[in-house]
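Peer 1: Have a look at this one.
We did not get these values from a lab; they are worked out from the coordinates using the rules stated. What you see is a predicted model; the values in this text were computed from it and never measured. Cβ placement follows ideal geometry from the backbone for every residue including glycine, while neighbour counts extend to all protein chains displayed.
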Amino acid sequence: MLVVCAVLAMEYCLEQQLDTQCASDEIIVVDSASYGRMRLNRCVHTDYGFIGCGTDVTDVLAGKCSGRRRCRVVNIGTLFAASRVCPTDLKSYLEATFTCLKGWNFLSVFITFARLTFYVCHSVNKKSFKNVKSGKACYQG
């Protein structure tokens with residue numbers, strides 16, 4: 001049985017480190033991540049005409065963090081530099097949502113196809129695959 005233990009939604013300013021951690025028997029799943037100047041907040045104080053620019057970086061952050069118990073990104077700007085869509089002279093920030101899933105004994109497989117990310121877990125007995133989001137079996141062997 002797969003149990004969702006916590007959902008964490010965070011904003012990370014450029015000068016901050018991303019450092020998130022689940023309990024010892026849980027793994028991180030990145031649900032969503034955006035990088036840019038999506039709205040005024042504690043990271044972006046002034047609208048210079050570029051509020052609303054941003055891009056989906058879920059795949060990038062999932063590749064770095066999903067399936068681990070702890071994830072640390074020291075330099076947010078460097079990790080997402082290739083994804084930047086806002087003017088470079090204006091501050092951007094990262095907005096991310098993580099879920100901690102109970103089940104340290106699960107092997108997480110992340111498959112990205114056509115900008116859809118499927119989170120699949122392989123059970124300990126190696127006889128069934130389940131979609132983490134829906135809990136439905138994808139394969140019975």
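Peer 1: Restricting attention to the stretch 31-53, does a residue exist that is hydrophobic (A, V, I, L, M, F, W, C), within 25 Å of LYS102 (Cα to Cα) and part of a loop (DSSP other than H, G, I, E, B)?
Peer 2: First pass over the stretch 31-53, keeping only residues hydrophobic (A, V, I, L, M, F, W, C): 33, 38, 40, 43-44, 50-51, 53.
Restricting the remaining residues to those that are within 25 Å of LYS102 (Cα to Cα) gives 33.
Those left that are additionally part of a loop (DSSP other than H, G, I, E, B): none.
Within the stretch 31-53, not a single residue is hydrophobic (A, V, I, L, M, F, W, C), within 25 Å of LYS102 (Cα to Cα) and part of a loop (DSSP other than H, G, I, E, B).
Peer 1: Can you name the residue in the stretch 33-66 that is among the charged types (D, E, K, R) and over 17 Å from the mean Cα position of the chain (by Cα) and, of all such residues, is nearest to LEU94 (Cα to Cα)?
Peer 2: First, pick out the residues of the stretch 33-66 that are among the charged types (D, E, K, R): 37, 39, 42, 47, 56, 59, 64.
Those left that are additionally over 17 Å from the mean Cα position of the chain (by Cα): 37, 39, 42, 47.
Values: ARG37: 9, ARG39: 11, ARG42: 12, ASP47: 17 Å.
Only one residue fits best here, namely ARG37.
Peer 1: Looking only at the stretch 60-78, which residues are buried (at least 19 other Cβ atoms within 10 Å of the Cβ) and of a type outside the set (Val, Ile, Thr)?
Peer 2: Answer for the stretch 60-78, where residues must be buried (at least 19 other Cβ atoms within 10 Å of the Cβ) and of a type outside the set (Val, Ile, Thr): LEU61, ALA62, CYS65, SER66, GLY67, CYS71.
Peer 1: Just name the residue that is farthest from TYR48 (Cα to Cα) out of those in the stretch 79-103 that are crowded, with 17+ Cβ neighbours inside 10 Å and free of Cβ contacts under 8 Å to residues at least 60 places away in the same chain.
Peer 2: Top of the filtered list is LEU79.
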